[in-house]
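Structure first, then comments.
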Amino acid sequence: MKHFIKNIIERECIKASVDQTIAEVANILAKNSIGALPILDKNGDICGIVSERDIVKNLGNPDVNIATDKIAKIMTKSIISAPITVSSSELMEIMTVNKIRHVIIMNKDALQGIVSIGDVVKRLLEKLEGEAEQLRSFINS
């Protein structure tokens, strides 16, 4: 497992239940300053993902009551995930190809965490800075 993914897995994965209302999930996102979270079914298995965009898109929807409707009504059920062996470059490709900002990290069928585009960009910048430092060191030696 790559160091980057190990760090993602070690931090708390904030989740919500399929039984929670849209308003409750919006509060979780706001309270934790995050953009998306996995949604778990009654058995604790991942059954969807919801992002702040999903909520915002439904604010004016007359068929959705933010205060009383369950998050299952607006969550994305088709989950794009990656194994714990994925690299930051592979995650960037997954996000770019699928036009998404969050990828669920799984180990077989078990949820391990969630990675944001911000996490990936930060890691790729760290790698580039390390390579630049190595080049400077080589040139100066």
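The values are calculated or read from the model by the stated rules, or taken from the named source; none is laboratory data. What you are looking at is a predicted structure, and each value in this text was computed from that prediction instead of being measured. Here the Cβ positions follow ideal geometry from the backbone for every residue, glycine too, while neighbour counts run over all protein chains shown. Side chains are part of the model used for accessible areas, which takes the heavy atoms of the whole protein and leaves out ligands, DNA and RNA. Shrake-Rupley method; radii C 1.70, N 1.55, O 1.52, S 1.80 Å.
Of all residues in region 59-72, those satisfying the criterion of being surrounded by 15 or more Cβ atoms within 10 Å (Cβ to Cβ) and touching a helix residue (DSSP H, G or I) at 6+ places or on another chain (Cβ under 7 Å) are Val64, Ile66, Asp69, Ile71. Scanning region 116-141 for residues that are hydroxyl-bearing (Ser, Thr, Tyr) and either part of a helix (DSSP H, G or I) or without any contact (Cβ under 8 Å) to a residue 60 or more places away in the chain (or both), we see that the one that is farthest from Cys47 (Cα to Cα) is Ser141. Given the condition within 17 Å of the chain's Cα centre (by Cα), more than 16 Å from Arg11 (Cβ to Cβ) and among the polar types (S, T, N, Q), answer yes or no: does some residue in region 96-103 qualify? For region 96-103, residues within 17 Å of the chain's Cα centre (by Cα), more than 16 Å from Arg11 (Cβ to Cβ) and among the polar types (S, T, N, Q): present. The residues listed here are Asp45, Asp119; of these, the one that is among the acidic types (Asp, Glu), open to solvent by 70 Å² or more (accessible area, probe 1.4 Å) and over 18 Å from Glu24 (Cβ atoms) is Asp45.
Which of the residues spanning region 26-42 are surrounded by 12 or more Cβ atoms within 10 Å (Cβ to Cβ) and over 20 Å from Ile100 (Cβ atoms)? Selection gives Asn27, Asp41.
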